[in-house]
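To start, the structure itself, in structure tokens.
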Amino acid sequence: MSASRIDVAGVSVSPDHYIDGRRVASDDTFACVSPIDQRHLGDISSGAQAHVDAAVTSASLAFPAWAALGAEGRLPFLRRFAEAIGRRADAFATLESHDAGVLRSRMAHGVVPSAMQNIAWFAEHALSLQDRTIDTPQARHWVRHDPAGVVAVITPWNSPLLLATWKSGPALAAGNTVVLKAPEWAPLTSSLLADCAQEAGLPPGVFNLLQGAGALTGAALVSDARLARISFTGSVATAKWIAKTAAENLVPCSLELGGKSAFIVLADADLDAAAATAALMYRNAGQVCLAGTRLLVHADIASAFTEKLRQIVERLVVGDPRDATTEIAPIIHMRQLERVQGFVERAVAGGARVLWGGARHRYGEQYFAPTLLTDLHQQDEIVQQEVFGPVLTLQTFASDDEVVDMPSGTDYGLGGVCYGEEAHAMAIAQRVRTGFIWINSFGIRDLAAPFGGIKRSGIGREGGDWSFEFFCDVKDVVVPRQPFKASFSHR
């Protein structure tokens, strides 16, 4: 057991795991480094097999009592959990800004309120999972949503708090117990989330936190045969390994993966609105899976659109994410920055033209300038593969039939954006193969609506009833209308 804490800009946070309602330290640690200035924030406990075993055991033992509470019994715990997050809003904003380079203003006004809602809304929505009936002439069916068991939640580094609550909220509300594996590049808000779970009085073992590298801690977790579900957001390569490992134990997986989404601008679009929205694709330094990074613009308006976008991008403020005026923050890690830079350099070597950006930004070591590349072909690597940085590509089209085919020309199919006269944009949206698409807008999310992609962008849907369908075992209890007479006869 450990009582150690580290201090990050006045916020105290534990560097240790949270297992069975208490903090547990590891002999092995890894360094947590801020992307803002490469400052060492602290040494974080790294989970070994023994820690994974303890966390899953704790969750397994806590499951029967938590499940037996029912949705109404769990509701007060989860309301307190959401309220505890709200009371620590400033601390969450401070930590994730230092730890992941996320804009502090975005944390305070967007992410923390959404994290609270992720817990509270699903807790309320779980009440609707009471027995549902299906009446037929032969029988009445009571359809139940029973808790599945222990859920492994594995989240990425680009939005740690939001995604941890987006997955843990419905899992806990459905009556499961959770083992959260924090992202090793940005673990601190997950640790503070464990403090909130403890403050809310969640029984020991209901919510557990493991920290460490995916190849060690994550691998040990997804290999555990006691898991009932695995919910993962991250890379395609890691998802393939998780799916293969989970298959050995027949553990269902929900996989939300990468994107290479199109941002379509039709000839009848409002160009000022389209350009303003396109600039949002640079948000969070482009480290957003659902961003429309492939600008597909009608040839007739391409020059005008590009100039409007340029004027907006030139005014974007690159700087310290703790500053309220900053709009473009650092890349999370030097390895990720080098990956982004490599994509751009290979594209330019292959004939792409840089309209702006294209290199590291002078502000700091882990900053990359907002970039737009053109003169590209469909088969080019940068058109096909997710860059996950502030890099957009621009291609033109001449007809609706042409642009409908272009978004489907990659292995991904997560989201999309379409700007144009509404009926026209709707007609295009209905033909594009993707998991979701925004018309004349971007980023509108509702917890009741489905979220997820097709092809290499993932398996399954999250949100509303779709989350509960995954996190529950659906049972049909059948009662006949008439007394049942058993007979081997077919007459």
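The values are calculated or read from the model by the stated rules, or taken from the named source; none is laboratory data. Given the structure is predicted, the values throughout are model-derived calculations rather than measurements. As a convention, Cβ positions derive from the backbone with ideal geometry for all residues, glycine included, and neighbour counts pool all protein chains shown. In case anyone asks, the SASA skips ligands and DNA or RNA and just uses the protein heavy atoms, side chains included. Shrake-Rupley method; radii C 1.70, N 1.55, O 1.52, S 1.80 Å.
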*Residue selected from region 81-93 under the condition within 16 Å of L162 (Cβ to Cβ) and not small (G, A, S), by the criterion surrounded by the fewest Cβ atoms within 10 Å (Cβ to Cβ)*: R88
*asked:* Need a quick list: helices (runs of 4 or more DSSP H) entirely within region 331-411 having at least 2 residues that are at pLDDT 95 or above, within 25 Å of D300 (Cβ to Cβ) and out of contact with any Lys or Arg (no Cβ under 8 Å at 6 or more places or on another chain).
replied: 400-405
*asked:* I need the full set of residues from region 231-259 which are outside any strand (DSSP E or B), open to solvent by less than 10 Å² (accessible area, probe 1.4 Å) and not aliphatic (A, V, I, L, M), in order please.
replied: G258, G259
*Scope region 425-441; condition part of a helix (DSSP H, G or I), surrounded by fewer than 17 Cβ atoms within 10 Å (Cβ to Cβ) and not small (G, A, S); matching residues*: M426, Q430, R431
*Filter region 165-219 for residues that are without any contact (Cβ under 8 Å) to a residue 40 or more places away in the chain and either closer than 19 Å to L41 by Cβ or of a type outside the set (A, V, I, L, M, F, W, C) (or both) and give the result.*
A182, P183, S190
*Any idea which residue in region 19-34 is farthest from P204 (Cα to Cα), counting only those that are open to solvent by 10 Å² or more (accessible area, probe 1.4 Å) and among the hydroxyl-bearing types (S, T, Y)?*
T29
_Restricting to region 437-481, name every residue that is within 20 Å of T165 (Cβ to Cβ) and among the aromatic types (F, W, Y)._
F451, W466, F468, F470, F471
_Kindly evaluate A120 against the criterion of being out of contact with any strand residue (DSSP E or B) (no Cβ under 9 Å at 6 or more places or on another chain), open to solvent by 10 Å² or more (accessible area, probe 1.4 Å) and modelled with pLDDT of 95 or more._
yes
*Residue identified as part of a loop (DSSP other than H, G, I, E, B), open to solvent by 40 Å² or more (accessible area, probe 1.4 Å) and not hydrophobic (A, V, I, L, M, F, W, C) among K485, K475*: K485
*Only one of these is under 16 Å from T189 (Cα atoms) and out of contact with any strand residue (DSSP E or B) (no Cβ under 9 Å at 6 or more places or on another chain): A115, A48, A91. Name it.*
A115
*When you scan region 131-164, how many residues do you find that are within 24 Å of I332 (Cα to Cα) and free of Cβ contacts under 8 Å to residues at least 12 places away in the same chain?*
0
*Checking A276 against (1) open to solvent by 10 Å² or more (accessible area, probe 1.4 Å); (2) closer than 30 Å to V151 by Cα; (3) assigned to a helix (DSSP H, G or I); (4) of a type in the set (A, V, I, L, M), which test does it fail?*
(2)
*Can you tell me which residue within region 140-165, out of those that are at pLDDT below 95 and among the hydrophobic types (A, V, I, L, M, F, W, C), is farthest from L250 (Cα to Cα)?*
W142
*asked:* L75 - would you say it is in a helix (DSSP H, G or I) and open to solvent by 10 Å² or more (accessible area, probe 1.4 Å)?
replied: yes
*Could you give every pair whose Cβ atoms fall below 9 Å, whose first residue belongs to region 460-485 and is of a type in the set (D, E), and whose second residue is loosely packed, with under 13 Cβ neighbours inside 10 Å and part of a helix (DSSP H, G or I), counting only separations of at least 6 or pairs across chains?*
D465/S128
*Please identify the pairs in which a residue from region 307-330 that is exposed (fewer than 15 other Cβ atoms within 10 Å of the Cβ) has its Cβ atom under 8 Å from the Cβ atom of a residue that is polar (S, T, N, Q) and in a loop (DSSP other than H, G, I, E, B), counting only partners at least 6 apart or on another chain.*
V317/T325; V317/T326
*Count of residues meeting criterion [open to solvent by less than 30 Å² (accessible area, probe 1.4 Å) and either among the acidic types (D, E) or at positive phi (or both)] in region 442-466*: 5
